[in-house]
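The values are calculated or read from the model by the stated rules, or taken from the named source; none is laboratory data. This structure is a prediction, so every number in the text was calculated from the model and none was measured. No Cβ is skipped: glycine too gets one built from the backbone with ideal geometry, and neighbour counts run over all protein chains shown.
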Amino acid sequence: MFVRMLYQSFCRQRRRKLLAGIAITLGVSVATAMIAVATDIGDKINRELRTYGANLVVTPDEDTLDVEIGGVNLKPASTGAYLDEAALPNIRGTFWRHNIVGFSPMLTAPAAVQNGSAAHPVQVLGTYFSKQLKYGDESFTTGVRITHPWWKVSGAWPGDESSDVLLGERLAQQLGRKAGDQLEVSGRKLHVVGILSTDGAEDNQIVAPLAVAQQFLGKPGAVRRLLVSAMTKPEDALSRRDPESLKSNPELWDRWYCSPYVNSIAYQLQEAIPHSKAEQIRQVAQNEGTVLERIKGLMLLVTLAALLASALAVSAAMATAIFERRSEVGLMKALGAGNAAVATLFFAEAALLALLGGAAGYGFGNLMAQQIGQWVFNSRIAVQPVLFPVVIALAVIVTFAGSAASIRKAMKFDPVLVLRGDA
Amino acid sequence: MFFRMLMRATMVKPGRVFSALMAVVVAASVATAMMNLYVDVQAKLRKEFRSYGANVVVVARDGQKLPPDALSQVENILGNSGLAVPFAYAVARTEQGAPVVVAGTDMERVRKLDAWWSVTGWPSAPHSALIGTRAASVVSPDKKSFTLTFEGRKLALNPAGTLRTGAGEDSRVYLDLKEFTAWTGVPPSSIEIGASGTPDEINGVIGRLASALPGAEVRPVRQIVEGEARVLGKTRATLLAAVAMIILTAALCVLATLTAWVLDRRRDFAIMKALGASERLVNGFFAAEAAALGAVGAVLGFAIGIGVAAWIGRVNFHAAVVPRFGVFPAVFAGSVALALISAVLPIGLLRRVQPATILRGE
């Protein structure tokens, strides 16, 4: 009998149920979309923060002091230690290989450009542009096109296996050269394929593939410095401790090693590249933690506001739906139904509405979240599957809460008054 | 008579009016808080981004020097909206003959602009220096005083502390600018500026600096400026989507509640018609009621919304939120419009029904 009444209630009063159902669906979809966006935004913003460039630097541990003013290196060429280029693909084998977005080796070699009859001294910076590397049977691309997104080239980027070069903007102006020219540098002919603009020291240099700089220096396989761009976790109390002090406590050590703190990634880079010292580039690494925390905090608060608004909308819809049916309540009570029976019927209806509306709302919310992800970040929002039961549970709770007050009020109606239309 | 009816309508069944008013107040406060936040969050986040350091830099052109009053000109143009730090560089030699870059700067300002510098002790006394961690092993390995020579002139220095940044600063020795200039005679070659404000304001500052210092090159630090623009842009877009969804939901809530409230009063409507009121009068009555509800709800909701936005500002940004009163017209207009729609629509539907049918309870 109960089931038949429930079924008939849905069949006969389709429009009213539909309106309540739509309210629930809309409320749930907004809640789902907001929760999905808020949980994923940390990751998305972390990726956007990589626009600031490298946050880690790896140098040889036996290095001598840099003597550099305004990007011009005054140290004699033969001094200093080097990292081994062959060890670079090992970075792809570290625990945090998917957090490491890219890396660029740097090597500066002094040379001279033949300008008419005079030889103009220049610095040749060797690096990777968009180099294909292999680690095991995995191949990946890395280079300045990933780690230095503010470098702008008018012309074309050189191939990493070629001897094409980029000419810094200011150097090009000084020499009166442009893209497409041939340069004679320290006896070698190099083809300029583009003009580089960075607003930094590179505007006064020739930027070439790493192999070319290594040839000028006479040191094949040498790398002076490695700049690494990684997605990190903001610093907290655990990350600020000295790693050596953590070694005595295996559990803390595991937690530190397996969290993408910038110091932990630096430690693992040192493990991957022999005879190296890795540290964070503080200007980039320190500040991104703060910015990320602020944005995540903001989204969390906005999500709470959204949940509140959804809950209110759903409650309002349920409360009005039940209030309209007080003549039904009067009829049932006049026919002998007890308060408990009437209340159970209404709660069962509410639960069914919540389940159906909640499921539909989850689907729509997912779509809305993906739309937002595409529009803002050009990527998919990762929705955790655990969100589904959470959202359904929330929908049921809110629907119950919204109906409870009006059901209780409806119980108090005198059937006579209600049926007469006086209530 | 009209106003008496309006007042009585509120007094007779306060419960229903109250819940309708509550719906409007909550919706208006949520909308206000969200819009306030959207407008304010950009200013707040920009302040966070200033901790990345200098976003504009002034350097002397090749072969020229900066004019001696360059720093004071920069300060005049910047006013309160930024911080300018001068830097001067020279190559000196240690007692063993090893070359090391020495830099002169204003310690107070550098501390504010470059907050990420990890410093164990700032130099305060004369003849004290801040040494980068890599330079320390060359210049003062046993942390004792050392002497540097520049073009024959010696200067004895005490290490006040070490500096770690992970970048070029680690290889240098930093002195107070006055002491540096007195020793080397080399004037500042660059001024790093942390300018605050919107990109347009910063471009304006760059323009004014460029015209005030024609012998120097004034340019933005592209890495910082582009990073900020990108992250801020994405955050703002996400916030916009969120705010739009929330305001829509709140509007839905108001619509549902007010429509139900008006439909609930259909007996009043029927009685008025039965007593001979014209359609216009009845419509006007309900519209006035709804508009009054919308207006009162908007004012109360706005006040609460400002409070909520202030709370969010305190909790998340640890800074006071500026109440944006410019949001009020939008919230007010929106509330009244929503209230009117939710009143007029049901009345329009009920128009065609006979009063007698409604009074009979159908």
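When you go through B:THR149, B:THR120 one by one, which is the residue that is more than 34 Å from the chain's Cα centre (by Cα) and of a type outside the set (Lys, Arg)?
Values: B:THR120 fails: more than 34 Å from the chain's Cα centre (by Cα).
None of the others qualify; the one that does is B:THR149.
If you go through segment A:317-329 and keep only what is within 11 Å of chain B (Cβ to nearest Cβ) and in a helix (DSSP H, G or I), you end up with A:ALA317, A:MET318, A:ALA319, A:THR320, A:ALA321, A:ILE322, A:PHE323, A:ARG326, A:SER327.
Look through A:GLY365, A:GLY338 and report the one residue that is touching a residue at least 12 places away in the same chain (Cβ under 8 Å), farther than 30 Å from B:TRP116 by Cβ and not assigned by TED's automatic domain parsing to the domain that holds A:ARG241. Give the steps one after another, and end with the answer.
Numbers: A:GLY338 fails: touching a residue at least 12 places away in the same chain (Cβ under 8 Å).
Of the residues listed, the single one that is touching a residue at least 12 places away in the same chain (Cβ under 8 Å), farther than 30 Å from B:TRP116 by Cβ and not assigned by TED's automatic domain parsing to the domain that holds A:ARG241 is A:GLY365.
Residues checked against (1) of a type in the set (Ser, Thr, Tyr); (2) in contact with a Phe, Trp or Tyr (Cβ under 9 Å, 6 or more places away or on another chain); (3) on the phi < 0 side of the Ramachandran plot:
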position	(1), (2), (3)
B:THR149	yes, no, yes
B:GLY152	no, no, no
B:ALA160	no, yes, yes
B:VAL205	no, no, yes
B:ILE224	no, yes, yes
B:LEU232	no, yes, yes
B:ALA251	no, no, yes
B:ALA256	no, no, yes
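Taken residue by residue, segment B:62-80 has no member that is closer than 26 Å to B:GLY294 by Cα, within 11 Å of another protein chain (Cβ to nearest Cβ) and either polar (S, T, N, Q) or loosely packed, with under 15 Cβ neighbours inside 10 Å (or both).
Being closer than 29 Å to B:ASP62 by Cα, within 22 Å of the chain's Cα centre (by Cα), buried (at least 18 other Cβ atoms within 10 Å of the Cβ) and more than 11 Å from every other protein chain (Cβ to nearest Cβ), is that true of even one residue in segment A:54-73? The answer is no; no qualifying residue exists.
Just so you know, in segment B:307-339 the residues that are within 14 Å of chain A (Cβ to nearest Cβ) and not in a helix (DSSP H, G or I) include one that is nearest to B:LEU37 (Cα to Cα), and it is B:VAL321. Scanning segment A:8-23 for residues that are within 11 Å of chain B (Cβ to nearest Cβ) and buried (at least 21 other Cβ atoms within 10 Å of the Cβ) yields A:ALA20, A:ALA23. The residues of segment B:106-144 that are over 15 Å from B:GLY168 (Cα atoms) and among the polar types (S, T, N, Q), listed by number, are B:THR120, B:SER124, B:SER128, B:SER137, B:SER140. Inside segment A:258-292, residues that are at pLDDT below 90, more than 9 Å from chain B (Cβ to nearest Cβ) and surrounded by fewer than 18 Cβ atoms within 10 Å (Cβ to Cβ) make up a count of 2.
Residue count for segment B:170-190 under the criterion of being free of Cβ contacts under 8 Å to residues at least 60 places away in the same chain and within 13 Å of chain A (Cβ to nearest Cβ): the result is 1. Quick one: which residue in B:LEU148, B:LEU177, B:LEU155 is of a type outside the set (Lys, Arg), farther than 24 Å from A:VAL57 by Cβ, in contact with a helix residue (DSSP H, G or I) (Cβ under 6 Å, 6 or more places away or on another chain) and surrounded by 19 or more Cβ atoms within 10 Å (Cβ to Cβ)? Result: B:LEU155 is the single residue among B:LEU148, B:LEU177, B:LEU155 that is of a type outside the set (Lys, Arg), farther than 24 Å from A:VAL57 by Cβ, in contact with a helix residue (DSSP H, G or I) (Cβ under 6 Å, 6 or more places away or on another chain) and surrounded by 19 or more Cβ atoms within 10 Å (Cβ to Cβ).
Does A:GLN268 qualify as being of a type outside the set (Phe, Trp, Tyr), under 30 Å from A:ASP43 (Cα atoms) and in contact with a Phe, Trp or Tyr (Cβ under 7 Å, 6 or more places away or on another chain)?
Yes.
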